[in-house]
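These notes concern the structure reproduced below.
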């Protein structure tokens with residue numbers, strides 16, 4: 001989970017939020033959307049990562065997607 005949080009570009013202290021019931025669902029949605037965005041995929045793919053990770057993470061890993069972290073706009 002720490003690696004996914006780093007790939008999503010979120011602060012490492014978000015691991016604490018994953019320990020809180022019901023909050024962890026929202027946090028996982030945000031992390032999945034951010035991971036998809038950093039690989040150049042859309043929000044639909046991010047929802048797929050959240051709901052059907054066992055299908056979408058291998059697609060992300062073995063597909064042609066390249067990791068390109070998004071920079072924060074000032």
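FYI, it's all coordinate maths here, none of it is from the lab. As the structure is a computational prediction, the values presented were derived from the model and not from experiment. Here the Cβ positions follow ideal geometry from the backbone for every residue, glycine too, while neighbour counts run over all protein chains shown.
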Worksheet, complete the sentence: Over the chain, the sum of -39500 (n - 2.57) across DSSP H runs of at least four, divided by residue number and rounded to 500 deg cm²/dmol, gives at 222 nm -17500 deg cm²/dmol
Discussion item. Test of understanding: in a Gaussian network model of the chain with alpha carbons linked when under 10 Å, which of 42, 53, 63 would top the mean-square fluctuation ranking?
Written reply: 63
Fill in: Extent along principal axes [Cα atoms of the chain; Å; largest to smallest]
34, 33, 19
Worksheet item: Exposure proxy check: 35, 23 ranked by fewest other beta carbons within 10 Å?
Response: 23, 35
Fill in: Footprinting exposure proxy for 64, 32 (fewest neighbouring C-beta atoms within 10 Å first)
64, 32
Discussion item. If I model a spin label at residue 18 and residue 67 as a point 7 Å from the Cα along the Cα→Cβ vector, what separation in nanometres do I get?
Written reply: 1.5 nm
